[in-house]
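The block underneath contains the structure these notes are about, expressed in C-alpha cells.
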Amino acid sequence: EQAERYDEMVEAMRKVAHQDTELSVEERNLLSVAYKNVIGARRAAWRIISSIEQKEKTKNNESNVQKIKSYAGKIEKELNDICANVMDVLDNHLIPHATAEESKVFYHKMKGDYFRYKAEFTSEDKRKEASDHSLEAYKKALEIAEAQLPTTNPIRLGLAL
C-alpha cells in the first residue's frame, strides 16, 4: 500500500480473496483500498475527459470530440473491467464465505458502491440497471446492519453516509 502500486495490490488481494475464507479486518481494508485507488484514478480521468468533451462540443469541434469519445471509451472499458472484477470477487468469493455480520455489511456496501460507480459512466438502460443493482446491494447491507450491528458500529455508520 505504501508504494502506491494499487494495480499490483488488487491482484495480490484477489489471490487472497480466492482462498475462499473469511478475510481479516486488515485484509478486507487492504482489498478495499486497492480497488478504491484503482478505480478512483480512472473515475477522475473519465470526469476530466467528459468535461473536455463538453467544452469541445460547445466549440463545435467535431474532430476533437470524436477523438475524445474514443479515448473516453477506452477509460470506460477499464472502469467496466474493474467493476466486473470487483463483482466477481465479491459475489463468488467474499460474500459467500463471509461469516461475520460486519463483513457481510462491508461487502454488500462495497458492491453497492461499485455499481454506483458503474452508473456514473454508463448511459440509459445500463445506467438504470447499475443503479438498481446498487440500490439492491445497499438495501441488503442496511438490512443486515440494522439487524446485527450496533448503531455506533463504524461500518454501519459508513453505510448510513
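Nothing in this text is a laboratory measurement; each read-out follows from the coordinates by a stated rule. Because the structure is a prediction, the values reported are computed rather than measured. Cβ sites come from the backbone with ideal geometry, for glycine too, and all protein chains shown count toward neighbours.
Just a few scattered comments:
- When the Cα convex hull of segment 1-77 is projected onto planes of every orientation, the mean area is 6.2 nm².
- Trypsin sites (Lys or Arg not before Pro) within segment 53-100, DSSP loop, no more than 13 other Cβ atoms inside 10 Å: Lys59
- Checking the Cα-Cα distances for Lys36/Lys67; Lys77/Lys139; Lys55/Lys140; Lys15/Lys118; Lys67/Lys118; Lys55/Lys109 against a 30 Å cut-off, the pairs over it are Lys55/Lys140; Lys55/Lys109.
- The ellipsoid that matches the Cα gyration tensor of segment 73-157 has semi-axes, each √(5λ) in whole angstrom, of 26, 14, 9, with the longest given first.
- Normalised contact order of the chain, rounded percent, pairs of Cα under 8 Å and 6 or more residues apart: 20 percent
- Among Tyr71, Tyr35, sorting on how many other beta-carbon atoms sit within 10 Å of each Cβ, with the fewest leading, yields Tyr71, Tyr35.
- Segment 92-116 versus segment 27-68: alpha-carbon centroid distance in Å: 26 Å
- For His108, His18, order by how many other beta-carbon atoms lie within 10 Å, fewest first: His18, His108
- Extension gain for Ser131-Asp88 works out to 13.7 nm (0.36 nm per residue, less the C-alpha to C-alpha distance).
- Expressed as a whole percent, the proportion of Cα-Cα pairs in the chain lying more than 19 Å apart is 59%.
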